[in-house]
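Data block below; observations after.
The values are calculated or read from the model by the stated rules, or taken from the named source; none is laboratory data. Keep in mind that what you see is a predicted model, and the values were worked out from it rather than measured. Positions of Cβ are generated from backbone atoms using ideal geometry, with glycine treated the same way; all protein chains shown enter the neighbour counts. Ligands, DNA and RNA are stripped out before the accessible areas are found, and what is left, the full protein with its side chains, is counted by its heavy atoms. Shrake-Rupley method; radii C 1.70, N 1.55, O 1.52, S 1.80 Å.
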Amino acid sequence: MSKNLLQQDPPLDNRSGGNYLPRRLLLKRGGQLLGVATALGLAETLSGCGSNASADAAAAPDAGITLDQVTNARGTAKIIGWQFYHAPELDTANVKSQWGYIGGNEDTITKTAQPGAIDLVTMTNGYDDQLVAAKRVIPTNPALLSNWANINPTFRNWPEISRNGSVLSIPLQWSYGYMQWDARFTTEPKSLDDLFSPKLARKVGLPDDPYAVITTFARLLGYADPQKLKPNEFQKVVDTLNRFKSQLLTLHQYGEEPALLARGDIWVDLPCYASSFLDARKAGAKMETSLLGSWSYLDCCTVVRGADIPVALSFINNTLETGAQAALASKAWSFPVVDSALYGVPKELQFSSLDAILSKAPLQPGVPFDNNNGFVSFPEWIKAWERFKAL
């Protein structure tokens, strides 16, 4: 195995003494790397592989594997994924894990190139098509996971985790973004028109994240499928963002907004994630939150072609245990896909109704990687964002 594939980055969690990597950096960094990848021709490379590789994805590499083999598997699962999901509670006495951390979703493309080097990846399901097109991942038979039924049916039955009738990605955790505003200076913005109020001129912050911001503004404009935008719809979003420059003080990196809010430099910030509002409160701001323009995403485990399948599935199965799910929620400030683990959600983020949250922040499937179906592709999102920043 190539050692650099599983090279571990320095600790990034400030609750254990490092610098906390905000959850939304996964999409931010993914967007940056996709822009680079597009420039290098990655989009064309994947297109050449066949961006709709569903027939290949529907092959059954785990055929012949039995539930008994998965249950009795022994070994080490080699994983590429986000550091905030690396928790000791995911290991068992028989199946341990060895992790390599990714800095962007495209890392899963490059780090799964060597067959057998990696067993599974953890990432947002929105990037599944890229991995399928590159022939890097394989479907999973849920019958081989004794804890499959533990998953809330909303996530277990979501069509976006499957390709051509076969389950490709196993739900791991989910989360959503929110808007926050400082009650010291302003009342709650309840619409896009409110965000355009002259009182908020130069008092709004946005993250430097095209994936998150464009999706959020498409939601604010009322598009039912904010990540599947036709060219005319996308242009309306871009035009709205360009007009919003009058309201914008800064495009910031994730983690910078609490200080901006505490100083009163900005009064409103969106979209925000994880503990941002609490960090701003601790710094002196009087933060409130709402789900204006919000949307949700699902992070999953996906088996890599050439994996030790019994070991990989045994590890995935344990991620669906109540204790493992609660540990992930506590560490990553995310939400479990297993209802019995909701006690692990930090109290400030706890909710009483999943359906109520998802009705206001619906799950999104991811931005198309190509424009074969008439929707604006993610590389085009990146280009539009760079033009927006240059204005």
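Order the following by accessible area, largest value first: H252, H86. Probe radius 1.4 Å; ligands, DNA and RNA are ignored.
Ranked list, largest accessible area first: H86, H252.
In whole Hz, what ³J(HN,Hα) sequence does the stretch 213-230 give by Karplus (6.51, -1.76, 1.60; θ = phi - 60°), x for Gly and Pro?
Here the 3J(HN,Hα) series is 6, 5, 4, 5, 6, 5, 5, 4, 7, x, 6, 5, 10, x, 10, 10, 9, 6 Hz.
Ordering L221, L192 from largest to smallest accessible area (1.4 angstrom probe), what's the sequence?
Most to least solvent-accessible, the answer reads L221, L192.
Would you mind working out the accessible area per residue for the stretch 178-294, using a 1.4 Å probe, and quoting it in Å²?
Using a 1.4 Å probe on heavy atoms only, each residue of the stretch 178-294 averages 40 Å².
Of the accessible area of the stretch 57-189, with the probe set at 1.4 angstrom, what percent is carbon plus sulfur?
49 percent
Once fully extended, how much extra length lies between N164 and K383, figured as 0.36 nm per residue of separation less the alpha-carbon to alpha-carbon distance?
Length difference between fully extended and current span is 75.7 nm.
Which of A356, A329, P379 sits closest to the plus end of the dipole of the stretch 282-391, meaning its Cα is farthest towards the positive end, when Lys and Arg get +1 and Asp and Glu get -1 on the C-beta?
P379
So how do 363-372, 194-203 stack up, highest first, on mean other-Cβ count within 10 Å?
Peptide ranking by packing, descending: 363-372, 194-203.
Name the residues whose placed amide hydrogens come within less than 5 Å of the amide hydrogen of G177, ignoring near sequence neighbours (fewer than 5 apart) on the same chain.
Answer set, sorted by chain and number: W295.
For the stretch 234-255 and the stretch 173-218, write down the distance between their C-alpha centroids in whole Å.
10 Å
Per residue, how much accessible area does the stretch 323-375 show when a 1.4 Å probe rolls over the protein heavy atoms, in square angstrom?
43 Å²
Could you derive backbone 3J(HN,Hα) for the stretch 124-133 from the dihedral phi with the Karplus parameters 6.51, -1.76 and 1.60 (θ = phi - 60°), listing whole Hz in sequence and x where the residue is Gly or Pro?
With the stated coefficients, the stretch 124-133 comes to 5, 5, x, 9, 4, 4, 5, 5, 5, 4 Hz.
Full extension from N232 to A149: what is 0.36 nm times the residue separation minus their Cα-Cα distance, to one decimal in nm?
Working it through step by step, the gained length comes to 25.7 nm.
Which order do E188, E233 take by accessible area at a 1.4 Å probe, largest first?
Descending order: E188, E233.
Suppose every Lys and Arg Cβ carries +1 and every Asp and Glu Cβ carries -1, with no other charges. What dipole size does the stretch 113-255 come out with about its Cα centre, to the nearest 20 debye?
Taking the Cα centre of the stretch 113-255 as origin, the dipole is about 240 debye.
Mind checking the full-extension length gain between D339 and L221? Use 0.36 nm per residue of separation minus the Cα-Cα distance, one decimal, nm.
Gain on stretching D339 to L221: 39.2 nm.
Which of the residue pairs K199/K389; K111/K383; K230/K331; K111/K203 have a Cα-Cα distance greater than 32 Å in the structure shown?
Going by Cα-Cα distance, K230/K331; K111/K203 fall outside the 32 Å limit.
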